[in-house]
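I have placed the structure first, in the form of structure tokens, so that the comments after it can refer back to it.
Laboratory data are not the source of any read-out in this text; all were calculated from the coordinates shown. Everything numeric in this text was worked out from a predicted model, so none of it was measured. Don't worry about glycine lacking a Cβ; one is built from the backbone with ideal geometry, like all the others, and counts go over all protein chains shown.
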Amino acid sequence: MTSEDSATSPVIALEKLTALNAKGIKIIVGPETSSNIRNIKGYSDLNNMLLLSCCSSAPALAIPNDSVYRLVPDDSNQGTALSKLIQHEGIDILVPVPVDGKVTQIRSETINYSIKLFR
């Protein structure tokens, strides 16, 4: 097993992916962030590599038949699932705590839309 650290930097992630490919390593566990996936997926697609990402959830990156396999649903689907859980648990107020403004916005919008839809 070989391990590399992208330091959550899209530039470093591409450097590391290129180096792993040069060693003949075609299956990569990672990277975690959507920004890293966005930056390296073109290289991965062109070089017949497989990326297994535990955390990449940007809806714009949910592309059929690409080289990225996501272990979580994209943010819009997470929002729908969370809205059903929120209703099932009888939660009336939810306060999002932003980690990434765009991700929080997408999830919040989807949760709000889904709650209105399923009421």
Could you pull out which residues in segment 1-35 have an amide N less than 14 Å from a spot 7 Å beyond the Cα of Tyr69, following the Cα-Cβ vector?
26-31
Between Leu50 and Ser9, 0.36 nm times their residue separation minus their Cα-Cα distance comes to what?
12.8 nm
With a 10 Å cut-off between alpha carbons and a GNM built on the chain, which of Asp74, Asp66, Asp92 moves the most?
Asp92
Working from Cα positions, state the angle (0 to 90°, nearest 10) between the long axis of helix 34-46 and the longest principal axis of the chain.
40
Specify the inter-centroid distance of segment 65-98 and segment 6-24, based on alpha-carbon positions, in whole Å.
30
Estimated [θ] at 222 nm from DSSP helical runs (n ≥ 4, -39500 (n - 2.57)) normalised by residues in the chain, nearest 500
-16000 deg cm²/dmol
Looking only at aspartates and glutamates whose Cα falls under 18 Å of Lys41's and that sit 8 or more positions away or on another chain, we get Glu4, Asp5, Glu15, Glu32, Asp66, Asp74
Over the chain, with a Gaussian network built from C-alpha contacts below 10 Å, which listed residue (Val95, Val68, Val11) shows the highest mean-square fluctuation?
Val95
Once label points are set 7 Å from the Cα along Cα→Cβ at both Met1 and Lys23, what is their separation, rounded to one decimal in nm?
1.3
